[in-house]
Amino acid sequence: MNKIFLGFLKGIFIGLANIIPGVSGGTIAVILGIFDDLIDTINNFFRDIKKNLGFITPIGFGILFSILFFSSILELCLKKYSLPTNIFFVGLIFGSIPLIYKKAIKNGIKKNYFVYTLISILIVVLASNFNKNGATQINNDISFIFLLKIFFGGLLAAIAMIIPGISGSFIMVLLGIYPTVINSISNISRCLLNFSDKNLLIRTGAIIFSLGLGLILGILLISRLISVLLEKFYSETYFCILGLIIGSIYGIFVSPMTYQSGINNFMILISVISFFVGAIISYFLGEKN
């Protein structure tokens, strides 16, 4: 029961991260010490279905619960308290760095490994300075072309979500589909409570279905690649992951969405508290593995 609860809790954090532009679900999976196991479970699911189901089910329910239940709350937090909300995730990242470094040097250390870390930091820094404006309006179009865009957006976002340091939600912002996706996720609960609104049901169902197909395909494609890298270049891969995660801190701080609710003394105070809460949580959950 302890493992089930911890898996569910970790799934909640991964789900939250995947909703926020600038924060990577892959980063949170590494922070919580389940990244390797997740990749291995996805790639070898049918080799030991019972064991893999036992591992991935509570995490999956946590992610699903988080996205469905917290999407509206998180939407509100990002509007009203965007700075402390994002700084909480910075705290999660900071608290995890010693644990990730420990994993990176598990098989020994070479000086050139730090080059991989620096290159990875540079990649995230450059990516964070791409155009971040994207679309700010919800698009209710359900034409084939737009649904195809949602599908490919989901595919690219899934690839980004799995790679630590790269935000899947940020990819959606760049593609201009983020507001529509978040709105559609929020609408799922409305659809469940009100089946009479046929237009809402059709629009929400079409967008979520297209997004889901893209996400599943993207996860299957990238997880296989990462599995090969971890098998053949474990230390090099983890030093790259370390760089991607450190670089993601820069990505959060330069994102306009981090400051959209404004900055004042109260916001700064709450942000300091949320930073330490995030750091303590990530260190505690990471040590539990």
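Only the coordinates and a few stated rules stand behind these numbers; no lab work does. The structure displayed is predicted, hence computed values, not measured ones. Note that each Cβ is placed from the backbone with ideal geometry, even for glycine, and that neighbours are counted across all protein chains shown.
Answer with one residue from Tyr81, Asn44, Pro98: the one whose Cα lies farthest towards the positive end of the charge dipole of segment 39-147, charges on Cβ with Lys, Arg +1 and Asp, Glu -1. Working it through, the farthest residue towards the positive pole turns out to be Pro98.
Where in segment 202-243 does the label zone of Asp37 land, with the point 7 angstrom along Cα→C-beta and an amide N cut-off under 13 Å? Inside the label zone: nothing. Counted residue by residue at 0.36 nm each, then reduced by the alpha carbon distance between them, the extension gain from Lys51 to Asn2 reaches 16.0 nm.
Taking θ as phi - 60° and the Karplus parameters 6.51, -1.76 and 1.60, the scalar couplings of segment 6-11 work out to 4, x, 4, 5, 5, x Hz in sequence order, x denoting glycine and proline. The Cβ shell under 11 Å around Ile207 holds other residues with a net charge of +1, Lys and Arg each +1, Asp and Glu each -1.
P(r) tail for segment 169-289: Cα pairs beyond 24 Å make up 57% of the total. Considering helices alone, the calculated mean residue ellipticity of the chain at 222 nm is -27000 deg cm²/dmol, with DSSP H runs of length four and up weighted by -39500 (n - 2.57) and normalised per residue. Mark the label point 7 Å from the Cα of Asn140 along Cα→Cβ and return the residues of segment 187-214 whose backbone N is within less than 19 Å of it. Residues passing the 19 Å test: 187-209.
Between Asn129 and Ile73, the distance separating the two model label sites (each 7 Å from Cα on the Cα→Cβ line) works out to 3.8 nm. The largest-to-smallest principal axis extents of the Cα set in the chain are 60, 53, 38 Å. Each residue of segment 207-218 is assigned a 3J(HN,Hα), and the resulting list reads 5, 5, 5, 5, 4, x, 4, x, 4, 4, 5, x Hz, derived from the Karplus form 6.51 cos²θ - 1.76 cosθ + 1.60 (θ = phi - 60°), x at Gly and Pro.
Under the Kirkwood approximation applied to all pairs of distinct alpha-carbon atoms, what is the hydrodynamic radius of segment 1-119 in Å?
15.8
Taking amide hydrogens as modeled 1.01 Å from N in the peptide plane, which residues meet the under 5 Å criterion relative to Ile177, leaving out close sequence neighbours? Residues meeting the amide H criterion: Ala135.
In this calculation the C-beta distance from Phe65 to Leu118 is compared with R0 = 30 Å, giving a FRET efficiency of 0.20.
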